[in-house]
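Some notes on the structure that comes next.
The values are calculated or read from the model by the stated rules, or taken from the named source; none is laboratory data. Here the structure is a predicted model, which means the values were calculated and not measured. Cβ placement follows ideal geometry from the backbone for every residue including glycine, while neighbour counts extend to all protein chains displayed. Accessible surface areas use protein heavy atoms only, side chains included; no ligands, DNA or RNA. Shrake-Rupley method; radii C 1.70, N 1.55, O 1.52, S 1.80 Å.
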Amino acid sequence: MSEADPSSIFSQKNSRLPEDTVFFSIFPDFSLSSDLKYQNSKTDPLLSSQLQCLHLQILQTLSCYTTSYIWQHEPFSLSLSTQASCAFCPSSSNQFPHLHGKLRYGDNLEDEWFVVFLLFEISCKFPNLSIRVWDTDGEFLLIEAAFHLPKWLNPETSTNRIFIRGGNLHIVPNNHFPSVPTLFDALLYVMKCEDKTKASSSVQLAIKHRIGDYPDRAIKNMHRVRVQVPALVAHVLKHEPCLISLAVEGFYDRDIDSMKYAANMERFLPNKSADEIVEVTVMMSRAMYAQLMQQTFQAPKCYPMPTRSDSGYAAAELGMKIACGFEMIYQVRKREVLEGKGSSWEVYRESLDRSGYFEGLLPGSKEYKRLMENAEDYYRKSSLHSRESEIMSAPVRRIDDILAHPFSADDFKGKEVPPSDDDLWLYNGEDELNAALLERQQEMEHYDLNRKKNKKSKEQEDVGPSSSSNIDDYDLGDIAKSMQAFIQKMSSFEGAEVPGDRNPNNVDLDVERFMKEIESVMKTPNAEHADDDDDDDVDEDLSSDMDLDDSEDSDIGEVSDDHEDEQTAFMSSYSDALSEELKSTTLGKSFVRANEPTFKKDEGTSNAAGDVQDEFTHVDVDVNLVKSFLGSFSSQEGLPGPASNLLGLMGLQLPQDDKTDK
């Protein structure tokens, strides 16, 4: 039995994974051949070459989607498993070559779902790949399709089971792997049995409904706004529009130390003059725009600002925030000496040495030179597509390079600036939120409705001949007959009960003795004339009578005719007293009487006449019994209760009411 990888995403604590970050791994089929299961791919030049070729093809395919997209913190990028270890991938994935990456989306959740769209596009263009994607919530794709998943699938059982392949979501079934499969076994099974692992159509629709608006949604997520910024900032953004995300990050995540840099503006507003301010259009994501607009920030004293009544104040204030963000992030990165490690090529070459790419060859040897030429060629090709990632990781050098070229503020003046995009979405988000909540609510209601239908159909199958389809054939008279038989055979003055191994014929009711006990409790006229001193004798007689057996030699068999007359008189008086007591209540009217007239009494008819008529109309015991049972059963609303339990003891099962589940 295979054990779960201890480094899997579900066994790790969330604290070990960076927040607001999505992770992904791409596994090509050529890395899953059986002879490579335990082979170290870092020492195989052929596999490294195949992986590098695949890497370049994927980046080239995605370039049409990512070229004009502004990421919140970092761009989409991929790394080879042979270059550096993936700290957040399962350790077993290092046994065979693959591509991996991570992307911090921060407050912009659209970045995460855009990554999901890109991964599905990769799987469509390259069908011989299997892809995993997860974040701090685990397999978040399953959360999107939660109402359509099989019951056995949960966070504990989904480890190494969820993959993207051929443009579809695949789930490794539990009937083939009852326990958690290893990553290699799961990938191999998905590769060989795509038809068995492909998720249901409802799951596919739920996922594709979420990413169906991309890439158009990604374009819609971009916001263009007119701002007034220093010419140095305008010049940087002209050459590298992606750096706006670093400026927003520097402004939004500012602290006391970084705000000291903004107070001086040494790099981007050296002369502190209004002549350095120009008006341009800047493109950013909606999340970035919201972060800038929703924070109040007082301009540094050295920063020239127009009056609040000026028509361009809003553009100047937004531009001031961007300029301060650039100053803060530039100075902070420069202070941290992030560029001290050398150029990106040197970093790449050092990673090759650490991964064993040169296989211990001596520098300058023929084989070493050949491997170095291959690495340089790959670096040149990949850098064309990963240039944005390089800029974002090393912004100080790139900014210095851009500002080293001569330019003037006049280059931006006198040019027509397009108007800003409408930002009503920032203030009317309630409608979109309500629409999303309504959609979720409808999805939940649809799920509950289907669950109730399935439960009802299952109950009808279990009921069998007593189902609602046979309700017209059900004889309600069986209830009265069964109850009569039940009382006659299985009742006593102590109550009705269901015997276990007892013979029901042994249960008998002695009516005469029962009435004698009632008479003694109710204090019949005979007892009223007795002396108080006889109370002890009565108790003794009662106690002794209760201890007697039911043999025919008991004192009950010696009751005289006079005593029988007294019994008759007692029952008559008892019945009259009971009727008199019930006259003041509506209990008598609740019973159904035999041959009950259908006409209503006239308003002028006296109550006495009605009472006399009711008194001489017999109560239909069977009809009232059935009516009471049906009312009690209906009030249970399909749940267990006394009526259904008692009918079950009698061998009867009423059909379910169709209104119960509606």
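Within the stretch 283-321, list the residues whose amide N lies under 20 Å from a label point set 7 Å along Cα→Cβ of residue 434. The answer is none.
Just subtract the alpha-carbon distance of residue 401 and residue 263 from 0.36 nm times their residue separation and send over the number in nm, one decimal. Working shown, then result.
On the way: separation 138, 0.36 × 138 = 49.68 nm, distance 2.42 nm.
Length difference between fully extended and current span is 47.3 nm.
So how much slack lies between residue 33 and residue 19, counting 0.36 nm per residue of separation and subtracting their Cα-Cα distance, in nm?
Values: separation 14, 0.36 × 14 = 5.04 nm, distance 3.50 nm.
The span from residue 33 to residue 19 would gain 1.5 nm if fully extended.
Taking only C-alpha pairs under 8 Å that are 6+ residues apart, what is the relative contact order of the stretch 183-341 in percent?
Details: 163 pairs, mean separation 55.4, N = 159.
RCO, the stretch 183-341: 35 percent.
Counting only protein heavy atoms and a probe of 1.4 Å, the accessible surface of the stretch 104-222 is 54% carbon and sulfur. Given the protein chains as shown and a 1.4 Å probe, how many square angstrom of residue 125 are accessible, to the nearest 10? Surface accessible to solvent at residue 125 totals approximately 110 Å². Computed from backbone phi, the HN-Hα couplings of the stretch 370-377 come to 5, 5, 5, 5, 5, 5, 5, 5 Hz, rounded to whole numbers (Karplus: 6.51 cos²θ - 1.76 cosθ + 1.60, θ = phi - 60°; Gly and Pro given as x).
Full extension of the segment from residue 147 to residue 359, taken as 0.36 nm per residue of separation minus the current Cα-Cα distance, would add 71.2 nm.
Would you mind classifying the stretch 51-203 by shape? Square roots of the alpha carbon gyration tensor eigenvalues, ordered a ≥ b ≥ c; an a/c under 1.5 is rounded, otherwise it is prolate if a/b is larger than b/c and oblate if not.
On the way: a/c = 1.62, a/b = 1.35, b/c = 1.20.
The shape class here is prolate.
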